[in-house]
Amino acid sequence: MSSNNIPLAERLRPATLNEYIGQSHLVGDNGIIRRMIEAGRINSFILWGPPGVGKTTLAMIIAKTIEAPFYTLSAVTAGVKEVREVIEKCRNEANGIFTKSRPILFIDEIHRFSKSQQDSLLGAVEQGVVTLIGATTENPSFEVIRPLLSRCQVYTLKPLTQDDLQTLLQRAFEADPLLKKRNYNVEETTALYRFAGGDARKLLNILDLIEQSTPSNEIILINDKIVTEVLQQNIAAYDKNGELHYDIISAFIKSVRGSDPDAAIYWLARMVAGGEDPEFIARRLVILAAEDIGLANPNALLLANATFEALKKIGWPEGRIILSECTIYLANSPKSNSAYLAIDKALEEVRKSGNLPVPLHLRNAPTQLMADLGYHQGYQYAHDFANHYVEQQYLPDGLQNASFWTPANNPHEKKMVDYLNSIKAK
């Protein structure tokens, strides 16, 4: 294929760490990934970050540098069958006498793998058949199954800084076989860097468009006016895979949390106009309803969940109305994060105190031996008492007086506390 037909981003893909731009916290002089490469021993890990920051490139550089067989799968197109076939190839490769390093299996968009697909990787990763490198734009804590996550480190990649983008722009004109033949003048870069949004691929694609739209006998000019004209169809561009994706969903959530329905609807409109996945928006509303509204208005979670289900049935474009209704309702709801704080406080206690024994009276006794050991003895069935309440120890020994939930100052939680206090007093 002629280099004229290969996108600039592909022509400039780095082949070594010295050519790699950004992520100095990982590949800098003391970066963990650089140290692994220099030691020649790569552990399985997942790269988490927005598009265009070098996840795929870094995986390819690692494989090339340590001379490891490199296999790649896309979670969009591969199923369990394809995963198993590649793992078998890796197994054969690993058993070969000419293998210098363990095969690397790179899985792009690993967050799109189903549970069964992710399960199919576990054995190979645990047995050392492959070194798994996954790439994801979504939080692995929510999208990757726990057994697989426990076998992999997670490294976060950051959007490229303005200095990184400047270095990339300079390299493009100096190293690209086509661009270095052209005369160019970089007059200003504000719009270029703004539209790139920390995404190397996006910057190079913009540069590619400018080069292609500039006659070969003319100087390539880079300024805000030209960049905007070239991208005139995307002036209000919303890249649902880029940094703007994260910024706008953040502004949306903070607006709902801050009880500003007008701002919330504006950011919702930005996402709708930009082609954001409506189910992604709905999922975030469900989380928000539990985290930020919570017990102040439990109906919020019901409505948010109903919104998610309705979107599946109705689809687009009418789904925007459903999202709008839910957004306005949540923004106007009273707020409480007491449930969110309670579970985090309890988790911290669990991490600190470990697996404390369940009190004997709370354990079931399905066998005579367990009954003889005191299981279930002394347990009082709450429904046998007035107001369906009886005071007894439910927490482990040593935590009898622990408190994890602190009710917020809103009518619903006050009512809950008043009710509990009233039945305890009786």
Roughly how many Å² is the accessible area per residue of the chain, as a whole number, for a 1.4 Å probe? 56 Å²
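Take every Cα pair under 8 Å in the range 235-367 that's 6+ residues apart, average their separations, divide by the length, and report that relative contact order as a whole percent.
Numbers: 139 pairs, mean separation 36.0, N = 133.
Relative contact order here is 27 percent.
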Quick one: order R102, R41, R84 from most to least accessible surface, probe 1.4 Å. R41, R84, R102
Taking each pair of different alpha-carbon atoms in the range 1-138 once, compute 1/r for the pair, average those values, and report the inverse of that mean as the Kirkwood hydrodynamic radius in Å to one decimal. 15.8 Å
Sequence-distant or interchain residues sharing an amide H contact under 5 Å with F106, placed H: which? Y71, T72, L73, I133
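Ranked highest first by average number of other Cβ atoms within 10 Å, how do 145-154, 325-334, 44-53 line up? Mind dumping the intermediate values first?
Values: 145-154: 15.0, 325-334: 19.5, 44-53: 22.8.
Going from most to least packed, we get 44-53, 325-334, 145-154.
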Over the chain, relative contact order from alpha-carbon pairs under 8 Å, at least 6 apart, %: 12 percent
How much of the accessible area of the range 282-417, probe 1.4 Å, is carbon plus sulfur, in whole percent? 58 percent
Need the C-alpha centroid separation for the range 363-426 versus the range 164-186, integer Å. 69 Å
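Could you look at the range 98-142 and say what percent of its accessible area is carbon and sulfur, using a 1.4 Å probe and all protein chains? Show your work: numbers first, answer last.
Numbers: 870 of 1860 Å².
With neighbouring chains kept in place, the figure for the range 98-142 is 47 percent.
When the solvent-accessible surface of protein heavy atoms is calculated with a 1.4 angstrom probe, in what order do D176, D119 fall, highest first?
Values: D176 0, D119 60 Å².
Solvent-accessible surface, decreasing: D119, D176.
Strictly over 31 Å apart at the Cα level, which of K81/K158; K312/K352; K225/K254; K158/K254; K158/K225; K64/K202 would you flag in this model? If you can, show how the numbers build up before the last one.
Details: K81/K158 33 Å; K312/K352 42 Å; K225/K254 33 Å; K158/K254 22 Å; K158/K225 28 Å; K64/K202 25 Å.
Flagged as over cut-off: K81/K158; K312/K352; K225/K254.
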At 10 °C in a medium of viscosity 1.306 mPa s, the chain has a Stokes-Einstein diffusion coefficient, with Rh taken as the Kirkwood radius over alpha carbon pairs, in µm² per second, of 61 µm²/s
Calculate the length of the line joining the C-alpha centroid of the range 26-88 to that of the range 304-326, in whole Å. 38 Å
Based on the mean of other Cβ atoms within 10 Å per residue, sort peptides 160-172, 210-222 so the most packed one is first. 160-172, 210-222
222 nm mean residue ellipticity, helices alone, for the chain (DSSP H n ≥ 4; -39,500 (n - 2.57); rounded to 500): -14500 deg cm²/dmol
Quote the accessible area belonging to E174 in square angstrom, nearest 10, computed with a 1.4 Å probe and with ligands, DNA and RNA left uncounted. 110 Å²
Highest mean packing first, using Cβ neighbours within 10 angstrom, the peptides 106-112, 398-404 sort as 106-112, 398-404
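The values are calculated or read from the model by the stated rules, or taken from the named source; none is laboratory data. Remember, predicted model here, so these are calculated numbers, not experimental data. Please note: Cβ atoms are built from the backbone with ideal geometry, for glycine as well, and neighbour counts cover all protein chains shown. Side chains are part of the model used for accessible areas, which takes the heavy atoms of the whole protein and leaves out ligands, DNA and RNA. Shrake-Rupley method; radii C 1.70, N 1.55, O 1.52, S 1.80 Å.
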